[in-house]
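The values are calculated or read from the model by the stated rules, or taken from the named source; none is laboratory data. Keep in mind that what you see is a predicted model, and the values were worked out from it rather than measured. Here Cβ is always computed from backbone atoms with ideal geometry, including for glycine, and neighbour counts include all displayed protein chains. Surface accessibility is based on the protein's heavy atoms, side chains included, excluding ligands, DNA and RNA. Shrake-Rupley method; radii C 1.70, N 1.55, O 1.52, S 1.80 Å.
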Amino acid sequence: MLTSVMVELLQVEIDDARLARLLQLYMHEWSGLVPMAIDADAQFVYDELPLYADRETRAAYLLVDGSDGLTPLGFALIQRDAAACHHVEEFFVVAGARRRGAGATAARRLFAARPGPWTLTVRPENPAGLAFWRAVAPDGEAQVDVGADGVARTRLSFVVVPGGPAV
């Protein structure tokens with residue numbers, strides 16, 4: 001039986017080396033499901049990371065082991081739009097911390113830290129991800145959005161009330 005993991009959120013700059021390494025693991029996992037670009041240095045290409053330098057509208061968080069406050073367990077990238085709605089753009093938990101509560105705890109802490117409207121989208125290639133988000137945000141309203149790439153993604157929308165339960 002897996003033991004639960006304590007997890008904390010640590011907001012980081014986009015040039016944090018731990019974030020860069022975790023992003024490579026994340027993209028490696030996705031490369032088995034969707035095409036991913038790789039550069040000449042054998043690094044997966046994530047063109048949107050420079051956008052996270054804008055701390056007014058975007059934030060990058062490491063999910064770290066709460067028992068030592070150091071060991072990275074994953075990351076979350078979020079964006080706030082002009083209507084003050086937050087969007088989970090990317091969310092990743094390392095395999096060894098999955099199914100131990102790390103992801104759910106981190107997501108709930110993220111939402112509680114930024115009350116108000118939230119959305120996230122899940123690609124059809126990620127049914128486990130959709131099940132995870134439906135469990136974390138059971139009251140989320142689901143709709144299917146077809147992107148410019150023709151992929152139909154499930155979008156969950158929900159509101160976190162200040163001082164209320166974190167989803």
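For segment 118-133, a tally of residues being more than 20 Å from ARG99 (Cβ to Cβ), open to solvent by 50 Å² or more (accessible area, probe 1.4 Å) and touching a residue at least 40 places away in the same chain (Cβ under 8 Å) returns 1. Looking only at segment 134-142, decide whether some residue is in a loop (DSSP other than H, G, I, E, B), touching a residue at least 40 places away in the same chain (Cβ under 8 Å), surrounded by fewer than 16 Cβ atoms within 10 Å (Cβ to Cβ) and over 12 Å from the mean Cα position of the chain (by Cα). No, because not a single residue in segment 134-142 is in a loop (DSSP other than H, G, I, E, B), touching a residue at least 40 places away in the same chain (Cβ under 8 Å), surrounded by fewer than 16 Cβ atoms within 10 Å (Cβ to Cβ) and over 12 Å from the mean Cα position of the chain (by Cα). Taking ALA148 as the residue in question, decide whether it is more than 13 Å from LEU9 (Cβ to Cβ), part of a helix (DSSP H, G or I) and open to solvent by 50 Å² or more (accessible area, probe 1.4 Å). When the stated conditions are applied, ALA148 does not pass them. Of everything listed in (1) in contact with a Leu (Cβ under 7 Å, 6 or more places away or on another chain); (2) modelled with pLDDT of 95 or more, the single unmet condition for PHE91 is (1). When restricted to residues that are more than 12 Å from the chain's Cα centre (by Cα) and among the hydrophobic types (A, V, I, L, M, F, W, C), segment 79-93 contains 4. Among all residues of segment 32-50, there is none that is part of a loop (DSSP other than H, G, I, E, B) and at pLDDT 85 or above. I'd like the full set of residues that are of a type in the set (A, V, I, L, M, F, W, C), open to solvent by 60 Å² or more (accessible area, probe 1.4 Å) and touching a residue at least 40 places away in the same chain (Cβ under 8 Å), limited to segment 88-117. Matches in segment 88-117: ALA113 only.
For segment 52-66, the tally of residues that are in a loop (DSSP other than H, G, I, E, B), out of contact with any Lys or Arg (no Cβ under 6 Å at 6 or more places or on another chain) and either under 15 Å from PHE111 (Cα atoms) or open to solvent by less than 50 Å² (accessible area, probe 1.4 Å) (or both) stands at 1.
Does GLN11 satisfy being under 28 Å from GLY116 (Cβ atoms), among the polar types (S, T, N, Q), touching an Asp or Glu at 6+ places or on another chain (Cβ under 8 Å) and surrounded by 12 or more Cβ atoms within 10 Å (Cβ to Cβ)? Against the criterion (under 28 Å from GLY116 (Cβ atoms), among the polar types (S, T, N, Q), touching an Asp or Glu at 6+ places or on another chain (Cβ under 8 Å) and surrounded by 12 or more Cβ atoms within 10 Å (Cβ to Cβ)), GLN11 does not qualify.
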